[in-house]
Amino acid sequence: MSSNDNSPMNENSMILSIRLIRSFEHRNIRHITLRSIDSSGQMAGKELKQQILTIVCSSFFVSLSVLPNEKLPPPFKTFAFDTLKIEHYPHQAKSNDVVIRRDSDEQLIIEDAKRLCDYNIIDGTEIAFFKRSDYELYKQNPDLVMD
(Lines give C-alpha, C1' and ligand atoms only; values in the text may rest on other atoms or scores of the structure.)
Protein backbone atom coordinates (compact mmCIF):
# COMPACT_ATOMS: atom_id res chain seq x y z
CA MET A 1 0.00 0.00 0.00
CA SER A 2 1.41 3.36 -0.94
CA SER A 3 1.94 6.16 1.52
CA ASN A 4 0.04 8.52 -0.79
CA ASP A 5 -3.38 6.98 -0.21
CA ASN A 6 -6.45 9.11 0.50
CA SER A 7 -6.71 8.31 4.20
CA PRO A 8 -7.72 11.25 6.41
CA MET A 9 -4.82 10.63 8.79
CA ASN A 10 -1.17 11.28 8.09
CA GLU A 11 2.00 11.93 10.03
CA ASN A 12 1.13 15.65 10.32
CA SER A 13 -2.18 15.16 12.10
CA MET A 14 -3.39 13.86 15.42
CA ILE A 15 -6.58 12.63 17.03
CA LEU A 16 -7.94 14.28 20.18
CA SER A 17 -10.69 12.89 22.38
CA ILE A 18 -12.96 15.63 23.72
CA ARG A 19 -15.01 14.99 26.86
CA LEU A 20 -18.05 17.31 26.86
CA ILE A 21 -19.22 17.75 30.47
CA ARG A 22 -22.69 19.23 30.75
CA SER A 23 -23.27 18.35 34.42
CA PHE A 24 -20.63 17.35 36.94
CA GLU A 25 -23.07 16.21 39.64
CA HIS A 26 -25.13 14.02 37.31
CA ARG A 27 -22.17 12.80 35.25
CA ASN A 28 -23.79 14.04 32.06
CA ILE A 29 -20.85 13.49 29.72
CA ARG A 30 -20.47 12.81 26.00
CA HIS A 31 -17.32 12.17 24.01
CA ILE A 32 -16.44 13.33 20.54
CA THR A 33 -13.33 12.50 18.59
CA LEU A 34 -11.55 15.21 16.64
CA ARG A 35 -9.51 13.87 13.76
CA SER A 36 -6.99 15.56 11.50
CA ILE A 37 -5.84 18.13 14.05
CA ASP A 38 -2.52 19.70 13.02
CA SER A 39 0.15 17.88 15.04
CA SER A 40 2.53 20.85 15.02
CA GLY A 41 0.45 22.22 17.90
CA GLN A 42 0.24 25.72 16.46
CA MET A 43 -3.53 25.86 17.00
CA ALA A 44 -4.49 28.20 19.85
CA GLY A 45 -6.84 27.22 22.65
CA LYS A 46 -9.46 29.63 21.33
CA GLU A 47 -9.30 28.02 17.87
CA LEU A 48 -9.76 24.56 19.37
CA LYS A 49 -12.79 25.76 21.34
CA GLN A 50 -14.27 27.27 18.19
CA GLN A 51 -13.73 24.07 16.22
CA ILE A 52 -15.38 21.98 18.95
CA LEU A 53 -18.33 24.38 19.28
CA THR A 54 -18.84 24.36 15.50
CA ILE A 55 -19.09 20.58 15.56
CA VAL A 56 -21.27 20.45 18.69
CA CYS A 57 -23.71 23.11 17.48
CA SER A 58 -24.18 21.68 14.01
CA SER A 59 -27.25 19.52 13.47
CA PHE A 60 -25.39 16.94 11.43
CA PHE A 61 -21.76 15.99 11.49
CA VAL A 62 -20.68 16.37 7.89
CA SER A 63 -17.03 17.00 8.63
CA LEU A 64 -14.47 14.24 8.18
CA SER A 65 -12.81 15.45 11.37
CA VAL A 66 -15.28 13.54 13.57
CA LEU A 67 -16.72 10.07 13.48
CA PRO A 68 -19.94 9.97 11.42
CA ASN A 69 -22.00 8.07 14.00
CA GLU A 70 -21.54 10.57 16.82
CA LYS A 71 -24.81 12.30 17.69
CA LEU A 72 -25.36 14.67 20.58
CA PRO A 73 -28.62 15.33 22.40
CA PRO A 74 -30.03 18.86 21.95
CA PRO A 75 -29.08 20.08 25.48
CA PHE A 76 -25.39 19.72 24.57
CA LYS A 77 -25.85 21.90 21.50
CA THR A 78 -27.05 24.90 23.49
CA PHE A 79 -24.89 24.52 26.62
CA ALA A 80 -22.40 27.31 27.43
CA PHE A 81 -19.10 25.40 27.29
CA ASP A 82 -16.24 27.81 27.97
CA THR A 83 -13.17 26.01 29.37
CA LEU A 84 -10.77 23.35 28.10
CA LYS A 85 -8.70 21.25 30.48
CA ILE A 86 -6.34 18.39 29.74
CA GLU A 87 -7.86 15.30 31.28
CA HIS A 88 -4.92 13.01 30.59
CA TYR A 89 -2.10 12.33 28.19
CA PRO A 90 -1.84 8.96 26.45
CA HIS A 91 0.00 6.20 28.33
CA GLN A 92 -0.09 8.13 31.61
CA ALA A 93 -2.09 7.64 34.79
CA LYS A 94 -5.72 8.75 34.88
CA SER A 95 -7.50 10.50 37.71
CA ASN A 96 -9.62 8.55 40.20
CA ASP A 97 -12.47 11.03 39.71
CA VAL A 98 -14.88 9.65 37.10
CA VAL A 99 -15.96 13.11 35.92
CA ILE A 100 -12.84 15.29 35.73
CA ARG A 101 -9.34 15.62 37.05
CA ARG A 102 -9.51 18.21 39.86
CA ASP A 103 -5.81 18.85 40.36
CA SER A 104 -3.17 20.95 38.59
CA ASP A 105 -5.55 23.54 37.17
CA GLU A 106 -2.70 26.01 36.60
CA GLN A 107 -0.87 23.61 34.29
CA LEU A 108 -3.79 21.80 32.66
CA ILE A 109 -6.44 24.44 31.88
CA ILE A 110 -5.85 25.55 28.30
CA GLU A 111 -5.79 29.32 27.93
CA ASP A 112 -7.31 30.90 24.82
CA ALA A 113 -4.11 32.64 23.72
CA LYS A 114 -1.73 29.72 24.27
CA ARG A 115 -0.99 27.13 21.61
CA LEU A 116 -1.52 23.39 22.00
CA CYS A 117 2.23 22.80 21.77
CA ASP A 118 2.65 24.94 24.92
CA TYR A 119 0.83 22.14 26.79
CA ASN A 120 2.67 19.27 25.05
CA ILE A 121 -0.60 17.98 23.59
CA ILE A 122 0.06 14.91 21.46
CA ASP A 123 -1.94 12.35 19.52
CA GLY A 124 -4.43 10.62 21.83
CA THR A 125 -4.67 13.34 24.48
CA GLU A 126 -8.09 13.58 26.16
CA ILE A 127 -9.40 17.08 26.81
CA ALA A 128 -12.43 18.04 28.91
CA PHE A 129 -14.70 20.89 27.73
CA PHE A 130 -17.02 22.35 30.37
CA LYS A 131 -18.48 25.45 32.00
CA ARG A 132 -15.92 26.96 34.39
CA SER A 133 -18.42 28.16 37.02
CA ASP A 134 -19.93 24.65 37.28
CA TYR A 135 -16.44 23.19 37.64
CA GLU A 136 -15.55 25.54 40.51
CA LEU A 137 -18.74 24.50 42.35
CA TYR A 138 -17.96 20.83 41.75
CA LYS A 139 -14.42 21.25 43.11
CA GLN A 140 -15.86 22.64 46.36
CA ASN A 141 -18.34 19.77 46.71
CA PRO A 142 -17.47 16.80 44.47
CA ASP A 143 -20.55 14.73 45.31
CA LEU A 144 -22.40 12.91 42.58
CA VAL A 145 -26.19 12.72 42.45
CA MET A 146 -27.32 9.14 42.14
CA ASP A 147 -30.68 8.81 40.39
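The values are calculated or read from the model by the stated rules, or taken from the named source; none is laboratory data. Keep in mind it's a predicted model, so treat the numbers as computed, not measured. Note that we place each Cβ from the backbone using ideal geometry, even for glycine, and neighbour counts take in every protein chain shown. Accessible surface areas use protein heavy atoms only, side chains included; no ligands, DNA or RNA. Shrake-Rupley method; radii C 1.70, N 1.55, O 1.52, S 1.80 Å.
If amide hydrogens are placed 1.01 Å from N in the peptide plane, which non-local residues have theirs closer than 5 Å to the one on I15?
G124
If you rank R19, R27 by how much accessible surface each has, with a 1.4 Å probe, what is the order from largest down?
Largest to smallest exposure gives the sequence R27, R19.
If R₀ is 22 angstrom, what is the calculated FRET efficiency for the pair S58 and H31, using the beta carbon separation as r and rounding to 0.05?
So the FRET efficiency works out to roughly 0.85.
Between K71 and Q92, what FRET efficiency comes out of the Förster formula 1/(1 + (r/R0)^6) with R0 = 41 Å and r the beta carbon distance, rounded to 0.05?
Once rounded, the FRET efficiency stands at 0.85.
Per residue of the range 72-87, what does 6.51 cos²θ - 1.76 cosθ + 1.60 with θ = phi - 60° give for ³J(HN,Hα)? Whole Hz please, x for Gly and Pro, Karplus curve as stated.
Listing the rounded values in order: 10, x, x, x, 6, 6, 10, 6, 8, 5, 9, 9, 10, 9, 5, 7 Hz.
Note down the net charge around E87, summing +1 for each Lys or Arg and -1 for each Asp or Glu among other residues with Cβ under 9 Å from its Cβ. Numbers along the way, then the final one.
Working: positive: R19, K85, K94, R101; negative: E126.
Combined, the nearby Lys, Arg, Asp and Glu give +3.
Per residue of the range 43-48, what does 6.51 cos²θ - 1.76 cosθ + 1.60 with θ = phi - 60° give for ³J(HN,Hα)? Whole Hz please, x for Gly and Pro, Karplus curve as stated.
Coupling constants for the range 43-48: 5, 7, x, 5, 5, 5 Hz.
Can you run phi through the Karplus equation (6.51, -1.76, 1.60; θ = phi - 60°) for the range 112-121 and list ³J(HN,Hα) in whole Hz, with x for Gly and Pro?
4, 7, 7, 8, 4, 5, 5, 10, 6, 6
Which sequence of C117, C57 reflects their accessible areas, 1.4 Å probe, from the largest down? List each step's numbers first, then the result.
Values: C117 45, C57 75 Å².
The residues order as C57, C117, largest area first.
Net charge around N12, counting only other residues with Cβ within less than 13 Å of its Cβ (Lys, Arg = +1; Asp, Glu = -1)?
Residues near N12 contribute -2 overall.
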